[in-house]
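For reference, the structure is listed below as C-alpha cells.
The values are calculated or read from the model by the stated rules, or taken from the named source; none is laboratory data. All values derive from a computational prediction rather than experimental measurement. When we count neighbours, we look across all protein chains shown, and the Cβ atoms used for this are built from the backbone with ideal geometry, even at glycine.
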Amino acid sequence: NIAKPSAVFLIMKQKMRNMDFPLNLVKNFDRIRVEVEQYYYRNVCKNKYEDTNFDEIYNLLQQNFSLSFQQKEELMKLEINTEKETLYPIKKNIELVEELIKNEKRVVLISDMYFSSSIIRTFLNKFSPIFNNIPIYMSSEFRLKKNSGNLFKAILNLEKVDPKKWIHCGDNWVGDYLKPSNLEISTNFYINQLLPYEEFALNRNSLDMDLQKIIGISKKIRLENTLTNLQEIGVSFGAPMLLPYVQWILNIALKNSIRCLYFIARDGYVLQKMTDMLIQAKKINIKTKYLYGSRESWREPFRNKDKLKIQLIDEYLDQEIDKQEIFAFVECCGTGETLDYIVKRIESNQQFKNMFFGSLYLYRSKLNKTKTQSLFMLPLNENYTYGIELFVRSLQGQVLGYDKKDGRVIPVFDFLEGEALQKFRYDEYIDGVMLFMEYIVKTDNYEKIFDNMNVTILYLNYLSNNYIDKKFIEIMGNVPFILNGVKDRVGIFAPRLNNKITLDQKNSFFNWSVLRSCKDIRVKYNMDNDCYFGLIGAVDIIKSHLSYKLGKVILLNIKNPLKWIKLIVLIPILIFSHHEQKKIYLTEKKINIDLSFYKDYNEAIMVRNFFSYQLGELILKTSRKWNVLAIVILPYKIAQLYRKKFKKG
C-alpha cells in the first residue's frame, strides 16, 4: 500500500540498514536503483532491444558496487519480497478475470516491466489461483514494449487473433490506450492516477514513507469503489488531512487520563465521528460527547454582557457535562476567543474543580489567557486554517442560542446553512471520510503512520497554493458557507468575482475566487498564465513552448510555395510575441514545475514527440548553436529528422 512504485526502493533502503551492504549503496539506494534501471532505458535499449530485465539491472549494480554474488542474490530477493508486501489486489479486476475464464474467454496478461513472467505469477497467485494458468507476456522477456506498440504486434502474431476481437484493459495512456488503438485493438482505459494534491505532497516530500502509505491507502479505496466527487475528496483529502489531529487528540487524552472529550459544534461534528471509530476499533476507555455552541451563541452574549443568555449557557453546560470524570473540550481552529469564554465559566464553577483538563485545537492563533491548558497541534500560518472549516461542516447548521423546553436547555438552530449543505450533498463528503476510516482501522500499525503530521501540513499548504487543481476549487469553492451570525441567505466559500461581486484581497482564500472567475478577472490579478497548473495541463504547457508553435506554423505553410514569403514575416512575429508573453508571465519569479505532476503527462509526452515539436526544437537549437551557419546546416538536419519520422511510420 504505497503511493508510487518507486517507494519500494525506500522500504528496501530501510531494511538494508540492518544487512551487510556497502554504506554508500545503502544511503543512496533509492536513487541508485532507479538510475541503474534508467541507464539501460537511455543507453542500451535501442532499435529492436526495447527493454531490460531484472538480472541485467542487478548485474550492473553488482559491478558498480563490487557486490558478491551472494549479496546480489540477497538484494534481488529483498526487492521481490518487498514488492509482495506492498502489492494489494484490485478485487473487481480479479473478479472480472475469473468471470471471463469461467465463460471460456481467452485471457492473457501483458506488462511493461523488468520482472520475469514467473516472478509476476508468484505475485498474482497469492490473490487468486486463476492466475496459475493464464499466459503472461512480459516486455523484459520479449525485449519489446507496449509503449512502442511492438509487444502488441508480437502477441497478435503468437495468439493468431483478429485485433478487432481483442479488448485490452489498462491504465497507461500511451501503452494501454494509444498504441493498441493504433493497431485497431479495442481498449478499456481506466484511470489509476494520483490526484493533484497527492502529487503536490509527494513532490515536496517523496521520501516520507508514512505519506506514501497514506496516499497509497486513498488510491486503493478509489480503485475498489465507485465514488462521487465529494466522496473522493473525503477519502483522499479530508480524512487524511484530519486524521493526524484525531490521533493527536487521543494521544493527549490517554497521556493525561482524560475520560471524556467534548467536541464543539460545528467543527467538532466530523472530528467526533472519526474519533469514535478509532476508540471503537482500539477499545479505548474514552467517551465522546457533542456540545452545541457557536460564536453567535457563546461569544456574543459575553461580549454584550447579556446576563439572561449567559445564564442559559451556564445551565446548558451544567446539564451536559459529567462532573465525575476528567474532561476536555475539542475545537478545530481559530483565535480561541469563543471557547475561552466557556473555559473561564467552567474554571469559576467549583463543581468542575480538578475535573477539567482544558481545550485542544489543531491550531489557535492566539495564546490562551485561561488557568487551564489550551494545547494546539501545529504552529501553522493562520491563513491556512480558515479553509479547514470547509472539511468539518455539520449538516445541522449554526447554533443561534438556547431555549428551555420541558425543563431542559435545548439549542436553537439556524437551519438555513444546514439545509443548503444537504442540498449540496455534503453528506457524501462525510461518507467519504468515514469510508477512509473503515479502511484505516483494518490497517496494521495505522497509529504510527498518523503520528506523522506531514500530510496535514502539506494538504493545508495546498489549500493556499495558487497552483491548486481547478476541479478541486470548483467543488469546494461552492460549499455553502456562513461564518457566523444570522444571514438572509447562504453564501458560498469562494464566489466567482465580476464587476459587481468583489472580495477583500486580505481574505485568505481570495485566490480561489480569482481562479474560479472569468479570464479577465484572472488576468487582472495576474493569475492567468501557464504557470498555474490548476487551470491547464501538461499538454497546454508543451503547446505553449516556442518549439511547438514554430514547428506548427512552418508545417502549415511549407507545402505551398506561395506561403514561403509569408513565413519570413510570421516567424519573427511569432518569436517576438512569444518572448513578450513570457516576460509578462514571469515578471515576479520563474516557476518550474515537473510535467509528471499533471494528470495528462503521458499525452504531453506524445505531443512533445510530434514531428512539429521536434522540427521547431531542431530549428531553435541549430540556430542558437551555429548562428548564420544554421542556414547551411538546417536542410541536412531537417532531412535527417524527416527520414527518422518516415522509418517510424
*Return the only residue of Val26, Val8 being aliphatic (A, V, I, L, M), surrounded by 16 or more Cβ atoms within 10 Å (Cβ to Cβ) and touching an Asp or Glu at 6+ places or on another chain (Cβ under 9 Å).*
Val8
*Evaluate the stretch 513-524: report whether one residue or more is modelled with pLDDT under 75, of a type in the set (S, T, N, Q), surrounded by 15 or more Cβ atoms within 10 Å (Cβ to Cβ) and within 30 Å of Val399 (Cβ to Cβ).*
no
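In this structure, is Phe115 more than 33 Å from the chain's Cα centre (by Cα) and aromatic (Phe, Trp, Tyr)?
no
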*Output the number of residues of the stretch 425-484 satisfying the condition of being among the hydroxyl-bearing types (Ser, Thr, Tyr) and more than 30 Å from Gln280 (Cβ to Cβ).*
3
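Could you tell me which of the residues Glu199, Glu141 is buried (at least 21 other Cβ atoms within 10 Å of the Cβ) and in contact (Cβ under 8 Å) with a residue 24 or more places away in the chain? I'd like the intermediate steps shown before the answer.
Details: Glu141 fails: buried (at least 21 other Cβ atoms within 10 Å of the Cβ).
None of the other options fit; the residue is Glu199.
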*Name the pairs whose Cβ atoms lie under 7 Å apart, with the first residue in the stretch 169-193 and within 19 Å of Ile221 (Cα to Cα), the second in a loop (DSSP other than H, G, I, E, B) and of a type outside the set (Asp, Glu), and 6 or more positions between them or separate chains?*
Asp171/Tyr190; Asp171/Ile191; Asp171/Asn192; Gln193/Lys599
_Any residue in the stretch 53-71 that is assigned by TED's automatic domain parsing to the domain that holds Tyr137 sitting within a Cβ distance under 7 Å of a residue that is part of a helix (DSSP H, G or I) and of a type in the set (S, T, N, Q)? List the pairs, counting only those 6 or more apart or interchain._
none
_If I ask for residues that are of a type in the set (A, V, I, L, M, F, W, C) and free of Cβ contacts under 8 Å to residues at least 60 places away in the same chain, which ones from the stretch 611-626 would you list?_
Leu618, Trp626
*Please verify whether the stretch 34-53 includes one or more residues that are more than 22 Å from Met138 (Cα to Cα) and either modelled with pLDDT under 90 or surrounded by fewer than 18 Cβ atoms within 10 Å (Cβ to Cβ) (or both).*
no
*Which ones in the stretch 124-138 are closer than 22 Å to Gly175 by Cα and surrounded by fewer than 19 Cβ atoms within 10 Å (Cβ to Cβ)?*
Ile134, Pro135, Ile136
*What are the residue pairs meeting all of these: first residue in the stretch 264-291, first residue modelled with pLDDT under 95, second residue of a type in the set (Asp, Glu), Cβ atoms under 6 Å, and 6 or more apart or on different chains?*
none
*Here are some conditions: (1) out of contact with any strand residue (DSSP E or B) (no Cβ under 7 Å at 6 or more places or on another chain); (2) under 14 Å from Phe391 (Cβ atoms). Gly268 meets all but one. Which one does it not meet?*
(1)
*asked:* Tell me yes or no: at least one residue of the stretch 97-114 is closer than 25 Å to Asn225 by Cβ, in contact with a strand residue (DSSP E or B) (Cβ under 9 Å, 6 or more places away or on another chain), buried (at least 20 other Cβ atoms within 10 Å of the Cβ) and not assigned by TED's automatic domain parsing to the domain that holds Ile605.
replied: no
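For (1) of a type outside the set (S, T, N, Q); (2) at pLDDT below 95, each residue gets a yes or a no:
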{"residue": "Phe327", "(1), (2)": "yes, no"}
{"residue": "Glu347", "(1), (2)": "yes, yes"}
{"residue": "Gln351", "(1), (2)": "no, yes"}
{"residue": "Leu367", "(1), (2)": "yes, yes"}
{"residue": "Thr370", "(1), (2)": "no, yes"}
{"residue": "Ser374", "(1), (2)": "no, yes"}
{"residue": "Leu378", "(1), (2)": "yes, yes"}
{"residue": "Asn381", "(1), (2)": "no, yes"}
{"residue": "Leu395", "(1), (2)": "yes, yes"}
*What number of residues in the stretch 412-422 are touching a Ser or Thr at 6+ places or on another chain (Cβ under 9 Å), at pLDDT 90 or above and crowded, with 18+ Cβ neighbours inside 10 Å?*
1
_Residues of the stretch 81-113 satisfying the condition of being in a loop (DSSP other than H, G, I, E, B) and over 25 Å from Ile217 (Cα atoms)_ = Asn103, Glu104, Lys105, Arg106, Val107, Val108
_Subset of the stretch 353-365 that is surrounded by fewer than 22 Cβ atoms within 10 Å (Cβ to Cβ) and either at pLDDT below 90 or among the hydroxyl-bearing types (Ser, Thr, Tyr) (or both) - its residue that is nearest to the chain's Cα centre (by Cα)_ = Ser365
*Residue count for the stretch 392-411, restricted to those that are out of contact with any Ser or Thr (no Cβ under 8 Å at 6 or more places or on another chain), touching a residue at least 12 places away in the same chain (Cβ under 8 Å) and of a type in the set (Gly, Ala, Ser)*: 2
